[in-house]
Amino acid sequence: MQFTLLPGERWWGGAIHHGSKMPLTAASVYEIDLSRECAGNQSVPFFLSSAGRYLWSDDPFAIRFDRGTVTTDRGVTLAESDGTLAGAYRTAMRAHFPFDGRVPDLRFYRTAQYNTWAELIYEQTQPAITAYAEAIVSHGYTPGVFMIDDSWQTGYGLWRFNRERFDDARTMIDHLHRLGFTVMVWIVPYLCADSPEFREAAADPARLLRNPDGSPAILKWWNGYSAALDMTSEGDIAWLRGVCDGLMRDFGVDGFKCDGGSIDGYPDGLICRNGPATKADLTAAWNRFALSYKVSEVKDTWKAGGLPFNQRLRDKSHEWHGQGLSCLISDAIALSLTGHAYICPDMVGGGSWVNFLPGAPLDQELIVRFAQASALFPAMQFSVAPWRVLTAENAALVKKTEELHVRFGGYICEQVERTAVTGEPILKPLAYDYPGRGYEDVTDEFLLGDELLVAPVLEKGAVTRKVVFPPGVWVSEDCGTYEGPCTAEVTAPLSVLPWFSKQ
């Protein structure tokens, strides 16, 4: 299939982590094979345009944008709507990924979330986790969802609290609950091949992903080599559900951060319970398991638009450009326009663990601006402790961003509940609500619902920024009042996040 871009047409879709490359224009050269790669985040067989057109296939496909010509490797539906970006989204959403009224757990959005990863990395212990949670409260932060990350467990797939690190995990979690936290633990669909659990699973031909010769497949992933659960297999599903339900029953765990399972993490040629498996099918099966728990977070998904769970952007680097702060909003726009409404940015400051090793340089200004950029996303997640790594002055600025998110928690929850019924995005680019005004290339500011315009500072050292105001009167507590449509240079020292409410 091949077609030509219309004059001025802009496109989004495919791999969400490539949001910084979007929108794709007549000058773009971009290609991706969705059957083999997802860039380590959400991916969809769906592209949509500012001219009201969209591409859809039920299955993965390869696509190339080459200076105005679009080519796919298989039959893909090219459909049209009313000529607007919002029209393309609504038409595709209703046909292919309708929202069904199920509301994700509002605790993800009412307050900030907290993750132990960047603060503790691979040293997750009962004393350290308890101290981190107590420090959150003692520094005036509102308790919320609390995620205990990798290394709480005995091993990968051995989902038991490590007794060398946790004297009494139940007492710890009870204490976290009394502090006001909702407690999640990190899991992946992998299984250590040097364990009794593996030997039991390997002996059952209906369990584990297999090589063509029937032997258990050993996958290379970011933490080494492991066998992989077959989440299309009733046996593996029942085994993991029993483990997770046991953690909830015996320790008081509330939910699960379901990491891994991405398309580009599976090799070719795997055999699942039902025969040869596509990578996309394996990822979707892992997503279905995550969705079976009300309190769950996912990062790697396939065709998960319209589903009611918290979806996090891929780990961002602790840097301004590249894969750092500069792509936070553009990736979120790509995520939202493809039907993933319940968006969590990466952890404040970035979640790439090498940036938080002892002695690694931290940019205090970057952490403040990262917190500001995250404050009015649907969700907000902390990890590295601001009170530990920042000066008192900068830590106070970050605390203001958490207070802002809590202040608008009720408004955000209203948007979440509305979206569950209507399917309308929560976080939107300006071009969605204001078509035909040339806003398609504005990827560094966004609308939250219909009433808030958010324009974070994304450049180091900047104390002003250019803000595009759509039609209406836009009022800020810190930056004044502007009547759109117009573009204005707004004063924004480090203490200020430019956000505006529509009168």
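Highest mean first, what order results for 261-268, 405-412, 358-365 on Cβ atoms within 10 Å? If you can, show how the numbers build up before the last one.
Working: 261-268: 20.0, 405-412: 18.2, 358-365: 11.4.
Put in order of decreasing packing, that is 261-268, 405-412, 358-365.
Distance in nm between label sites at residue 450 and residue 202, each 7 Å beyond Cα in the beta-carbon direction?
Each label point is offset 7 Å from its Cα along the Cβ direction, giving 6.0 nm.
Compute the length gained on full extension between residue 138 and residue 167: take 0.36 nm times their separation in residues and subtract their Cα-Cα distance, giving the result in nm to one decimal.
Numbers: separation 29, 0.36 × 29 = 10.44 nm, distance 2.38 nm.
Once the chain is fully extended between residue 138 and residue 167, it gains 8.1 nm.
Just add up the charged neighbours of residue 123: K/R +1, D/E -1, any other residue whose Cβ is under 14 Å from the Cβ of residue 123.
Numbers: positive: 165; negative: 119, 149, 150, 164.
Result for the neighbourhood of residue 123: -3.
Net charge around residue 82, counting only other residues with Cβ within less than 12 Å of its Cβ (Lys, Arg = +1; Asp, Glu = -1)? Mind dumping the intermediate values first?
Working: positive: 53, 90; negative: 80.
Charge balance in the 12 Å sphere: +1.
Lysines near residue 400 by alpha-carbon distance under 28 Å, same-chain residues fewer than 8 away left out - which ones?
257, 299, 316, 428, 460, 466, 502
What shape does the stretch 96-209 take by its C-alpha gyration tensor, where a ≥ b ≥ c are the square roots of the eigenvalues and a/c under 1.5 counts as rounded, a/b above b/c as prolate, and the rest as oblate? Let's see the in-between values first.
Numbers: a/c = 2.70, a/b = 1.28, b/c = 2.11.
Taking the square roots of the gyration eigenvalues as a ≥ b ≥ c, the stretch 96-209 is oblate.
Using Cα pairs closer than 8 Å and at least 6 residues apart in sequence, work out the relative contact order for the stretch 1-96, in percent.
Numbers: 210 pairs, mean separation 29.1, N = 96.
This gives 30 percent for the stretch 1-96.
What is the distance, in nm, between label points placed 7 Å from the Cα along the Cα-to-Cβ direction at residue 241 and at residue 102?
Calculated label separation equals 1.3 nm.
Relative contact order of the chain, please, whole-number percent, based on alpha carbon pairs below 8 angstrom and at least 6 residues apart. If you can, show how the numbers build up before the last one.
Working: 1119 pairs, mean separation 74.3, N = 503.
Computed over the chain, the figure is 15 percent.
Once you put a point 7 Å from the Cα of residue 6 and another 7 Å from the Cα of residue 80, both along the Cβ direction, what distance in nm separates them?
Going by the 7 Å Cα→Cβ label model, 0.7 nm.
Can you show me the helix-derived [θ] at 222 nm for the chain, built from DSSP H runs with n ≥ 4 at -39,500 (n - 2.57) apiece and divided by the number of residues, rounded to the nearest 500.
Numbers: 14 runs with 142 residues, N = 503.
So the helix-based figure for the chain works out to -8500 deg cm²/dmol.
Values in this text are rule-based calculations from the coordinates and carry no lab data. Only a predicted model underlies this, so the values are computations on that prediction, with no experimental measurement involved. Note that each Cβ is placed from the backbone with ideal geometry, even for glycine, and that neighbours are counted across all protein chains shown.
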